[in-house]
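Chemist: Below: one structure in structure tokens.
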Amino acid sequence: MLDLTFKSLSLLLSYPTKELQAAMPEIRAALAADPRVPAATGQGLDKLTDWLATGDIYDVQESYVMLFDRSRTLSLNLFEHVHGESRDRGGAMVSLLETYRDGGFDPVTSELPDHLPVLLEFLSTRPFAEAQDILADASHIFDAIRTRLDKRESRYGPVFAALMHLSGTTVDAAAVAEMLAQPEDDPTDLAALDAIWEETEVTFGPDPNAGCPQVRDMLAGMDTPTTNTLNRSA
């Protein structure tokens, strides 16, 4: 069965579109129906879905870009927080893509395999125990991002609180403190951001010219049960 909670959290972290705005009532209902999400976190998710549903599309898009595209410390590309620009990042990316394909999942997107919405889309097709194991490995990243988002009074913080809870693990406080020791980047300093992000383009997935993540396909899957029973390879 498709895990609608992981699917919904994936959509909440995707670039906002009018189509996604229209789906917010369905996404809110799916999250509210899941007893695994604590009540306090659910209230925060309700506020986020309300804002995404009713906010001016250009305002919510600008907010998303300023947070996740123009702030390296809030990057949704998880290996950015783990490997930075080291050689290990490429190998980890290839390994993750192989994990997707072994599970019968081939993301149709220009995003890298470690992009969190892509990972959550994959986890929505996997047994919960397997998803928990994968989330647990990244729980310190989620906690650090949540802390930074709360500091900025962002509505997106509860998404990461939900992921931490769903991981079912105790966060490594030392690892979180190490991440938070990194200086905050200024999303309004475009010259500095260009210098930070400048790197050689590497393609790991499908056509890099395919555009934004395929939100339409993800939304279509909200009410489409999955029959995928493949196990992740060892």
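Here, each number is a calculation from the coordinates, and none is a lab measurement. Quick caveat, the model's predicted, so the values are computed rather than measured. No Cβ is skipped: glycine too gets one built from the backbone with ideal geometry, and neighbour counts run over all protein chains shown.
Chemist: Mind giving me the nanometre distance, one decimal, between the label points for Ala136 and Leu2, set 7 Å out from Cα along Cα→Cβ?
Modeler: In this crude label model, Ala136 to Leu2 measures out at 2.8 nm.
Chemist: Another question about this same structure. Starting from the Cα of Glu178, step 7 Å along the direction of its Cβ; do the same at Asp59; then give the gap between the two resulting points in nm.
Modeler: Simple spin-label model gives 4.1 nm for this pair.
Chemist: Moving on to the next point. What does the C-alpha gyration tensor say about the overall shape of region 67-169? Classify as rounded when a/c is under 1.5, otherwise prolate if a/b is larger than b/c, or oblate.
Modeler: In terms of gyration-tensor shape, oblate.
Chemist: Quick check: net charge around Gly157, other residues with Cβ under 14 Å of its Cβ, Lys/Arg +1 and Asp/Glu -1?
Modeler: +2
Chemist: Sorted by packing (mean other beta-carbon atoms within 10 Å per residue), highest first, where do 135-145, 63-73 land?
Modeler: Per-residue mean Cβ counts within 10 Å order the peptides as 135-145, 63-73.
Chemist: Here's a follow-up. Going Cα to Cα from Lys151, which lysines come in below 22 Å? Please leave out same-chain ones fewer than 8 positions away.
Modeler: Answer for Lys151, where 22 Å is the Cα cut-off: Lys47, listed by chain and number.
Chemist: Fewest to most neighbouring Cβ within 10 Å: what's the order for Tyr100, Tyr156?
Modeler: Tyr100, Tyr156
Chemist: Can you give the extra length, in nm with one decimal, that the chain gains between Lys18 and Glu98 once fully stretched, where that is 0.36 nm per residue apart less the Cα-Cα distance?
Modeler: Going from the current span to full extension adds 25.5 nm.
Chemist: If R₀ is 30 angstrom, what is the calculated FRET efficiency for the pair Met66 and Ala33, using the beta carbon separation as r and rounding to 0.05?
Modeler: E between Met66 and Ala33, to the nearest 0.05, is 0.45.
Chemist: Rounded if a/c is under 1.5, else prolate if a/b beats b/c, else oblate: with a ≥ b ≥ c from the C-alpha gyration tensor eigenvalues square-rooted, which is region 8-86?
Modeler: Since a/c reaches 1.5 but b/c is at least a/b, the shape of region 8-86 is classed as oblate.
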